[in-house]
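Here is the structure we will look at.
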Amino acid sequence: MSDSRRSSSIVRSSASIETIERIDGGTQNDMTDMKRLGKIQEFKAQKLPFAVNVWIHLDLPCDLGIRSHGSSLSAGLLNGGFGGLFWVFIGTVICYSSVVASLAEMESMAPTSGGQYHWVSEFAPRNYQKVASYIAGWMSTLGWLASVAGGVFLSATLIRTMLNITDSEFSFTNWQLTLIMLATLGLTSVLNSWGAPILPAIEAISLFGHLGGFIVTLVPLWVLAPKISAHDALLAVVNNGGWANTGTACLVAQVSVLYCNLGSDSIVHISEEVEDASLVVPRCMWWAYVLNVVMGFIMLITMLFCTGDLADAISSSDPYLNLLQNTGKTSMALLLSVILFLLIFSGNITALATTSREVWAFSRDRGFPFSNWISRMNDNWNVPFNAIYLTAFFTGVICLINLGSTTAFSIMVSLNLLALVSTYMLSIGCVLLKRIRRQDLPPARWSLGRFGLAINAFAVAYCAFIMVFSCFPTFVPTTVGDANWAPLVWGVVIIGAVLMQSDTLGVQNV
């Protein structure tokens, strides 16, 4: 992929590029990788302890399972119940591990903040590189914007949950909830821009905060909350979604589990800020996923045993509120909800950083209109301010949809899964095709070895499987208001991306 430079009014010579690489840090491997990819090292690569890198990446997909299972519990409980959610979790995380491993290997081959769109451009057949990478870039941006919007919405609803603990009749109007969302987004934007120098310290502190929050949440729930029987928690599978059979209901429920583990490419989009990225980032991706699964499993078991009556949890707008209140102590429930809010807020910081870097990288390759402005880097702060503010602006636009209709807003947020998984399938599929054709691939320091073909093939098939069921509604029969409109919006964006792609505006071919 050729480098579409724009960052300053002067043209940088090869000598100046060498100087920038020395100043901005990074190992010899980083320099070699950036030269091969045709990029200039504009971020200062930082060397962080491996555990901190893993935890920063872990922060976004799951917030140690507390955020994930608590916020996406409803659909899983409706379709499958406690037992169904338990077994679907096990099957889903095993299958999805092939996707994470495939993404990690591609990152080792091409450690760039562009992620999926760059991988597609590098590995796709030449005739399709430009249009395919353009679609991947727009889909990735759409998915991450939806993720940020969903995160600030969850933060706002948790504030409402805290108030509901002390006053069960309290409720925000749509405009009040939207204002809280925008305020949360504004604070997150400030921390990502002007607060950038202290972000590594904040993320390091969140490592201990997450671990402490995980333990502090588990202990009182197991000690204070009444428990249901092991049979009801692990074996009782139900079909309350109106599907023809329980199997279909459980397959629909897998979407809930995937939301808990989605975002494996988060650290990819900040890889140009990580020293020795071609090895450190893939390791972080894999071990963060493993930790996510282990700790998410522990939290899921806790929730299944301690949530209480299944019917009450399904009928509740916030199932995790039922879980917290089952401690029987208002003060404890309030404390746990505050911890959950802080964990989600820290995840929002990471989500905005990830999205803004992806937007910046795609603009660096002229993937968006006004790319020169979007991809401008502030060399003094080492921060892409324009990309951060633009990301926050469009996230705010999505949040404003909630003023008119919460249903319409939920449709936009639900695009997160469909959009990101489609980029995973497209990029992994390109590598799979090269392996089938026995074409050379770039060297990878984190490699799947002789199992690469089989793992890639399974990952592509599973992504296709996920995409099918992510288009299903939560229950049947549905009305116009209950239907899953995410596939329609997803298709419109793809068509729009294809129509906008041209010789003067789009990602350059390799």
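The values are calculated or read from the model by the stated rules, or taken from the named source; none is laboratory data. Source: prediction; values computed, not measured. Counting neighbours? That spans all protein chains shown, and the Cβs are built from the backbone with ideal geometry, glycine included. Ligands, DNA and RNA are excluded from the accessible area calculation, which covers all protein heavy atoms including side chains. Shrake-Rupley method; radii C 1.70, N 1.55, O 1.52, S 1.80 Å.
List of remarks:
- Amide H contacts under 5 Å for V274, placed H, 5+ residues apart: Q46
- Using the Karplus relation 6.51 cos²θ - 1.76 cosθ + 1.60 with θ = phi - 60°, the per-residue 3J(HN,Hα) values for the range 112-118 come to 10, 5, x, x, 4, 5, 5 Hz, with x marking Gly and Pro.
- Inter-label distance for I90 and F469, nm, one decimal - labels placed 7 Å from Cα along Cα-to-Cβ: 1.5 nm
- Phi to ³J(HN,Hα) by Karplus 6.51 cos²θ - 1.76 cosθ + 1.60 over the range 91-97, Hz, x for Gly, Pro: x, 5, 5, 5, 5, 5, 4
- Solvent-accessible area per residue, Å², over the range 412-457 with all protein chains present [probe radius 1.4 Å]: 48 Å²
- Computed lengthening from I436 to A461, 0.36 nm per intervening residue step minus Cα-Cα distance: 7.5 nm
- Using heavy atoms of the protein chains and a probe of 1.4 Å, the accessible area assigned to V223 is about 100 Å².
- Taking M467, M106, M500 and ordering them by how much accessible surface each has at a 1.4 Å probe, largest first, produces M500, M467, M106.
- Per residue, the range 241-326 exposes an accessible area of 29 Å² to a 1.4 Å probe, with every protein chain left in place.
- Working note: Karplus 6.51/-1.76/1.60 with θ = phi - 60° gives the range 368-380 the couplings 10, x, 6, 4, 4, 6, 4, 8, 5, 9, 8, 5, 5 Hz, where Gly and Pro are set to x.
- A simple packing score, the average count of other Cβ atoms within 10 Å per residue, orders the peptides 438-451, 417-430, 328-341, 295-308 as 417-430, 295-308, 328-341, 438-451, with the highest score first.
- Applying 1/(1 + (r/R0)^6) with r as the Cβ-Cβ distance of V498 and F370 and R0 = 30 angstrom yields a FRET efficiency of 0.90.
- The residues S317, S206, sorted by heavy-atom accessible surface at 1.4 Å with ligands and nucleic acids left out, run S317, S206 from largest to smallest.
- Separation of the A230 and A204 label points, Cα + 7 Å toward Cβ, nm: 4.4 nm
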